[in-house]
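The values are calculated or read from the model by the stated rules, or taken from the named source; none is laboratory data. Model, not experiment: these values are computed from the prediction. Neighbour counts run over all protein chains shown; Cβ positions are idealised from the backbone, glycine included. SASA here: full protein model, heavy atoms, side chains in, ligands and nucleic acids out. Shrake-Rupley method; radii C 1.70, N 1.55, O 1.52, S 1.80 Å.
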Amino acid sequence: EIQRTNLSMVVILLKAMGINDMLAFDFMDSPPIETLINALESLWTLGALDDEGLLTRLGRQMAEFPMEPQLSKMLISACDLHCADEVITIVAMLSVQTVFYRPKDKQAIADQKKAKFHQPEGDHCTLLEVYKAWARNRFSNPWCYENFIQARALRRSQDVRKQLIGIMDRYRYPIESCGNDYNKIRQAITAGYFNHACRRDPQEGYRTLTDLQQVYIHPSSSLYQRNPEYVVYHELVLTTKEYLREVSTIEPHWLPELAPNLFKKADDKKLSKRKMRERIEPLYNRYEEPNAWRLSRRRG
């Protein structure tokens, strides 16, 4: 198990315990060195480690939360963006298995009910909307049954939410609400999951910004067939294709602001590699050669 999982959480906990030399640490089953280095690099981009590989103040705060470093970074960023109340709910909802169910004999009705919760910002805000609606209906089980939502999953997320509020209170993090300003929530999500950013591919689907992998939005997503230009995802699922689960729209200019270790603003005076690869093709003209439009073919 240790040889195939993401080790970011293990590394940050060991660093918090004062163990700094990961490569010399005596694991029962040593993970591949490449996996350890990837984990260290991931923590550095999140701002949890400095250039020397030592834990930063932010990294120490992130180690206090019993969750993936990306989620803890998202929570801490939410405190600065004054939207911690909503982000706690989203983190709690992400910690449980899917909250929607889709019985085979009632798929069309289940899809209609689910579509009522869909938010244009994406799946994270859709999950938030589901929890808010459940709270407005006094955490009712019949309401869940009516809307094809798993009551057990929501109760589990409610427990996780209470635990997170307890941790936030213990370390005196401000828990504020941003109301309906979902831009702040999207920024907090981007602050944690910027390395899961994707850009729409002109041919089909999306490409991840870090390694240009071809991926697709899952059909169950609220953004399916809406095709926003830039998105971040929570996790990848491999079935017939690489699908993105829990997707939200983002603004590209947030990336260099929230993740300066990984992204930088492009020079306005230079062409990007992507633009350089694009070829200008003229409209088809049956009466002329394909290259007749080029300046090099013209005389005088």
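So, restricting to strands (runs of 3 or more DSSP E) that lie completely within the stretch 150-258, which ones have at least 3 residues that are open to solvent by 40 Å² or more (accessible area, probe 1.4 Å)? Quick ask: steps written out before the conclusion?
Details: elements: 197-200, 206-208, 214-217, 230-238, 242-249.
Where strands (runs of 3 or more DSSP E) fall fully within the stretch 150-258 and carry at least 3 residues being open to solvent by 40 Å² or more (accessible area, probe 1.4 Å), they are 230-238, 242-249.
This table checks each residue for (1) of a type in the set (S, T, N, Q); (2) at pLDDT 95 or above.
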| position | (1), (2) |
| --- | --- |
| LEU13 | no, no |
| GLU68 | no, no |
| LYS73 | no, yes |
| MET93 | no, yes |
| THR98 | yes, no |
| PRO103 | no, no |
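Name the single residue that is most open to solvent (accessible area, probe 1.4 Å) among those in the stretch 1-49 being in a loop (DSSP other than H, G, I, E, B) and closer than 15 Å to LYS73 by Cβ. Give the derivation first.
First pass over the stretch 1-49, keeping only residues in a loop (DSSP other than H, G, I, E, B): 1-7, 17-32, 47-48.
Adding the requirement that they be closer than 15 Å to LYS73 by Cβ leaves 6, 47-48.
Numbers: ASN6: 106, GLY47: 24, ALA48: 0 Å².
Checking each candidate, the answer is ASN6.
Of everything in the stretch 191-220, what is under 16 Å from THR126 (Cα atoms) and of a type in the set (Ser, Thr, Tyr)? Give them in sequence order. Break it down stepwise before answering.
First, pick out the residues of the stretch 191-220 that are under 16 Å from THR126 (Cα atoms): 217-220.
SER220, the sole residue that qualifies.
Residue by residue through the stretch 47-62, note down the ones that are touching a helix residue (DSSP H, G or I) at 6+ places or on another chain (Cβ under 6 Å) and farther than 20 Å from LEU23 by Cα.
Step one: filter the stretch 47-62 for residues touching a helix residue (DSSP H, G or I) at 6+ places or on another chain (Cβ under 6 Å), giving 47-49, 55, 61-62.
Within the stretch 47-62, GLY47, GLN61, MET62 meet the criteria.
How many residues are in a helix (DSSP H, G or I), open to solvent by 70 Å² or more (accessible area, probe 1.4 Å) and either free of Cβ contacts under 8 Å to residues at least 12 places away in the same chain or in contact with a Gly (Cβ under 7 Å, 6 or more places away or on another chain) (or both) when one looks only at the stretch 132-149? Within the stretch 132-149, residues that are in a helix (DSSP H, G or I), open to solvent by 70 Å² or more (accessible area, probe 1.4 Å) and either free of Cβ contacts under 8 Å to residues at least 12 places away in the same chain or in contact with a Gly (Cβ under 7 Å, 6 or more places away or on another chain) (or both) number 4. Only one entry in LYS269, LYS264 is open to solvent by 90 Å² or more (accessible area, probe 1.4 Å), closer than 30 Å to ASP50 by Cα and at pLDDT below 90, namely LYS264.
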